[in-house]
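First the structure, in the form of structure tokens, and then the observations on it.
The values are calculated or read from the model by the stated rules, or taken from the named source; none is laboratory data. Owing to the predicted nature of the structure, the values given are computational and were not obtained by experimental measurement. Glycine gets a Cβ as well: all are built from the backbone with ideal geometry, and neighbour counts include every protein chain shown. Side chains are part of the model used for accessible areas, which takes the heavy atoms of the whole protein and leaves out ligands, DNA and RNA. Shrake-Rupley method; radii C 1.70, N 1.55, O 1.52, S 1.80 Å.
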Amino acid sequence: MDKPRTGYAEKRRLRRTLMMVAAVVVIALVTIGIRKIEPAAPPVEKETLWIETVQRGEMLREVRGPGNLVPVDVRVISAPVEGRVERIPALPGAQVQADTVLLELSDPQVEQAALEAESQLRAAEADYLDLKAQLESQALSQQAQVSAARSAAEEAKLQADADSALGKDGLISAINLKKSQLRATQSEKQSRIESERYTQGQQSMKAQLAAQRARVDQARAMYELRSRQVESLKVRATIPGVLQELPMQVGQRVTPGTTLAKVARPENLKAELRIPEAQARDVARGLPATVDTRNGIVKGHVDRVAPSAQEGAVIVDVFFDEPLPRGARPNQ
């Protein structure tokens, strides 16, 4: 006869619970133990190591970047007036002086304006000379009147003095003596009036001549301006050097401000380097630099670091402390 088994399920659940608790405890202990273990150094071959005593000193940071040789002194020549290219006597690469003609332009309006300015100057100068002659003639006439008035005043005074002496002896009537003295007084006043008129005439003469001289100076300034515009039709290099660019063609029409040419001094060059933006923070003004010109290595120093980046690079200018090797040229 079978007997029912009681409590078996409860014992089975209890045993399973104890096993799970034991497993959790074991896992926790293993985890804690692993965390306390120091990480092992990766294995490395002894031949690849360089064993040495650590020393304190300067750490050199080298920054590299490509670049070009560019001239320090560059003159960009622009069109001063509107015109048409008539002749190009110089081509890029030519050695030029400050007065070398690079381009010859033509503009009939500029030339006509110069002729008109010249004629106006000549007319103003002629008017000045004519006015001066007239004023000098008037001054001579006034001077003659002053001399005549003075002579008449002196003559009247002499007559009055003589009549006064005769009057004391009773040889002349009192009325005639009075008339003689009155004529002397009036002649003296007339002489003073003519002198003052002459003085005022001289002041007026100076003012009129000054006004006409100002018109002459104004006409001369306009003529010189127009003459410079005509002269500027011959475009010159303005500095000695090498003609770098001349993007003009015969017959081309140019407007004021158009770039006509570029002249540079080839003997004074600098290196314009493009340093990656990530490395540019290690570059500062005054740091030493070496430039490989493909024809020799030249020492220099950093003179300028651009404040902003362009296309992922920062422009750094290096000035040379040594002469460049032979054959160095712009844009190299």
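Tabulated data for the structure shown
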read-out: Of all accessible heavy-atom area on the chain, the percent that carbon and sulfur account for (1.4 Å); value: 53 percent
read-out: Of the GluC sites (Glu not before Pro) in region 55-124, those whose Cβ has at most 10 other Cβ within 10 Å and which sit in DSSP loop; value: E58, E62
read-out: 222 nm mean residue ellipticity, helices alone, for the chain (DSSP H n ≥ 4; -39,500 (n - 2.57); rounded to 500); value: -17000 deg cm²/dmol
read-out: Nitroxide proxy distance, nm - points 7 Å out along Cα→Cβ at I172 and L287; value: 11.3 nm
read-out: Relative contact order [Cα under 8 Å, 6+ residues apart], the chain, whole percent; value: 28 percent
read-out: Distance (nanometres) between label positions extended 7 Å along Cα→Cβ at Q310 and Q138; value: 6.7 nm
read-out: Virtual spin-label span in nm between L131 and T31, 7 Å along Cα→Cβ; value: 11.0 nm
read-out: Part-to-part distance (alpha-carbon centres) for region 154-201 and region 15-29, which is given in Å; value: 155 Å
read-out: Relative contact order (%) - criterion: Cα under 8 Å, at least six apart; region: region 229-332; value: 23 percent
read-out: Theoretical gain in end-to-end length, A278 to N331 [0.36 nm per residue, Cα-Cα removed]; value: 16.6 nm
read-out: For the chain, accessible area per residue (1.4 Å probe, heavy atoms of protein chains only), Å²; value: 73 Å²
read-out: Span-rule helices in the chain, defined as complete DSSP H runs reaching 18 Å or more along the axis (Cα) with Kyte mean at least 0.5; value: 8-36
read-out: V76 - accessible surface, heavy atoms, 1.4 Å probe, Å² rounded to 10; value: 80 Å²
read-out: For the chain, with +1 on Lys and Arg beta carbons and -1 on Asp and Glu, the positive-most of A23, Y128, V305 along the dipole; value: A23
read-out: Assigned charges on the beta-carbon of Lys, Arg, Asp, Glu; region 202-332 dipole about Cα centre (debye); value: 880 debye
read-out: Per-residue SASA entry for M20, accessible area with 1.4 Å probe, Å² rounded to 10; value: 120 Å²
read-out: Most to least accessible of D169, D163 (protein chains only, probe 1.4 Å); value: D169, D163
read-out: Sparsely packed GluC sites (Glu not before Pro) within region 257-299, loop by DSSP, other Cβ within 10 Å at most 16; value: E267, E277
read-out: Among A264, A289, P276 the positive-end extreme of the charge dipole of region 252-332 (Cβ point charges); value: A264
read-out: Fully extended contour minus Cα-Cα distance, from K234 to Q95, at 0.36 nm per residue; value: 48.3 nm
read-out: Pairwise centroid distance, computed over Cα atoms, of region 113-148 with region 298-314, Å; value: 67 Å
